[in-house]
Amino acid sequence: MTKPARFLSLDVFRGLTVCLMIVVNTMGPGAKAYTQLVHAPWFGFTAADAVFPSFLFAVGCSMAFAFSRAIPLGEFAAKVLRRGALIFLLGFLMYWFPFVHKVDGHWVGNPLSETRVLGVLQRIAICYVLAAFAVRWLSPRWIVVLSAVLLLGYWAILMAFGDPAAPLSKLGNAGTHLDLLLIGQNHLYRKDGGFDPEGLLGALPATVNVLAGYLAARVLKENVGDRKAVIRMALAGVVLIAAALAWNPAFPIAKKLWTGSFVLLTVGIDLIVLAGLTVLLEGKSPNPATRFFQVFGLNPLVIYLFSELFVVVLNMIEVAPGMGVYGWIGIHVFQALTPGALGSLLCAIAYMLVCWLLGYVMDRRGIVVKL
């Protein structure tokens, strides 16, 4: 069997999303970060808001190659459900980590009864499973129809079952009601007034980002070297952005609520970026810049997990009263050298490079972790 061709543009796109996720999630302490590198409080859009949906888009791109070989339904279902369960479990363990905390100078266990159940990896897992079965059974045309149904259906659910006075508010939306009913407050995100940005209901529109990535990668696979197909992809991105802006007054762009207009906007951006990378990179040999991002793309989940866990470990090591290693470095090194938002950004970039080094070592040793 011929091994599917690799697309440098897709490798770089995937690596770029991981790189940006780490930077956005680990902005250095001691100063307020640049506005565009912080998620919008509710309605609105910043550059940081584009990162997670782009990762979901990249997951969909990978599906176009991973599912290119027909296998029996039972084997397919077992593979998909196993991978989804492992990713979900890793996400849960990530939030339970470091499993202990200090109380009056003594270490005590973190109770499972107060551990967050949902989160970034958990949403990836749910969307991956839903999208995988969709691409197994549906043609591209029906995938587009399903995507429209998911976005419009999600909008209808929010308007029909949210608080009549504020159906799109943080605590009044139908998604929050569902999370409180099925999961409970103790297992939800604690830093946003009781609202969980990776709630169950929001996985429905987020699945569309995965499906869009799958369709985009299929276009590239089936139209190798066809510049017109790439132009059509970019034009589709422009149309989706225009549609998002047109929908915005009725269904505002909001990353935390993962509104339909937000999905159209982020998919549109991803299509334009991927089309641009295809024009710039396909047919050319990798260079040091592309290799940098390819390192992230080879082991994206491992590097992301490491980035989330290692910063926790660093902050557990106290070098001053109430201050961990990462906090100390951010304040006494980066803020001392470049005070303000730039110092915060440089601290995050330095940490991202540490994570890249892990990926580089894994790459040099031929280690690729596949769940």
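Pick out the one residue from PRO98, PRO41 that is part of a loop (DSSP other than H, G, I, E, B), open to solvent by less than 40 Å² (accessible area, probe 1.4 Å) and modelled with pLDDT under 95.
That would be PRO98, the only listed residue that is part of a loop (DSSP other than H, G, I, E, B), open to solvent by less than 40 Å² (accessible area, probe 1.4 Å) and modelled with pLDDT under 95.
Could you tell me how many of the residues in the range 95-123 are farther than 24 Å from PRO321 by Cβ and either basic (Lys, Arg) or in contact (Cβ under 8 Å) with a residue 40 or more places away in the chain (or both)?
11
For the range 140-164, which positions are more than 17 Å from GLY199 (Cβ to Cβ) and touching a residue at least 40 places away in the same chain (Cβ under 8 Å)?
Of everything in the range 140-164, those that are more than 17 Å from GLY199 (Cβ to Cβ) and touching a residue at least 40 places away in the same chain (Cβ under 8 Å) turn out to be PRO140, ILE143, VAL144, LEU146, SER147, LEU152.
Among the residues of the range 240-254, write down those that are assigned to a loop (DSSP other than H, G, I, E, B) and either within 20 Å of the chain's Cα centre (by Cα) or farther than 30 Å from SER169 by Cβ (or both).
Those that are assigned to a loop (DSSP other than H, G, I, E, B) and either within 20 Å of the chain's Cα centre (by Cα) or farther than 30 Å from SER169 by Cβ (or both): ILE253, ALA254.
Just checking, does the range 97-110 include any residue being within 18 Å of LEU301 (Cα to Cα) and either touching a Cys at 6+ places or on another chain (Cβ under 6 Å) or not basic (Lys, Arg) (or both)? Step through it out loud before you land on a result.
Initial filter on the range 97-110 (within 18 Å of LEU301 (Cα to Cα)): 97.
If we keep only those that are either touching a Cys at 6+ places or on another chain (Cβ under 6 Å) or not basic (Lys, Arg) (or both) too, we end up with 97.
Yes, the conditions are met somewhere in the range 97-110.
Having 3 or more residues that are without any contact (Cβ under 8 Å) to a residue 40 or more places away in the chain, over 30 Å from TRP96 (Cα atoms) and open to solvent by 50 Å² or more (accessible area, probe 1.4 Å) is the bar; report the helices (runs of 4 or more DSSP H) wholly within the range 255-371 that clear it.
Hits in the range 255-371: 288-298.
Out of (1) loosely packed, with under 15 Cβ neighbours inside 10 Å; (2) modelled with pLDDT of 95 or more; (3) assigned to a loop (DSSP other than H, G, I, E, B), what's the single condition that is false for LEU235?
Of the numbered conditions (1) loosely packed, with under 15 Cβ neighbours inside 10 Å; (2) modelled with pLDDT of 95 or more; (3) assigned to a loop (DSSP other than H, G, I, E, B), the odd one out for LEU235 is (3).
Given (1) over 21 Å from the mean Cα position of the chain (by Cα); (2) at pLDDT below 95, where does GLU198 come up short, assuming only one miss?
Status for GLU198: all satisfied but (1).
Out of (1) touching a Ser or Thr at 6+ places or on another chain (Cβ under 7 Å); (2) open to solvent by less than 10 Å² (accessible area, probe 1.4 Å), the odd one out for ALA203 is which?
(1)
Would you mind stating whether LEU314 is modelled with pLDDT of 90 or more, in contact with a helix residue (DSSP H, G or I) (Cβ under 6 Å, 6 or more places away or on another chain), within 26 Å of ILE124 (Cβ to Cβ) and among the hydrophobic types (A, V, I, L, M, F, W, C)?
Yes.
Could you list all residues from the range 115-170 that are among the hydrophobic types (A, V, I, L, M, F, W, C), surrounded by 14 or more Cβ atoms within 10 Å (Cβ to Cβ) and part of a loop (DSSP other than H, G, I, E, B)?
VAL117, LEU118, LEU138, LEU168
The values are calculated or read from the model by the stated rules, or taken from the named source; none is laboratory data. Keep in mind it's a predicted model, so treat the numbers as computed, not measured. Don't worry about glycine lacking a Cβ; one is built from the backbone with ideal geometry, like all the others, and counts go over all protein chains shown. Note: areas computed on protein heavy atoms with side chains; ligands, DNA, RNA excluded. Shrake-Rupley method; radii C 1.70, N 1.55, O 1.52, S 1.80 Å.
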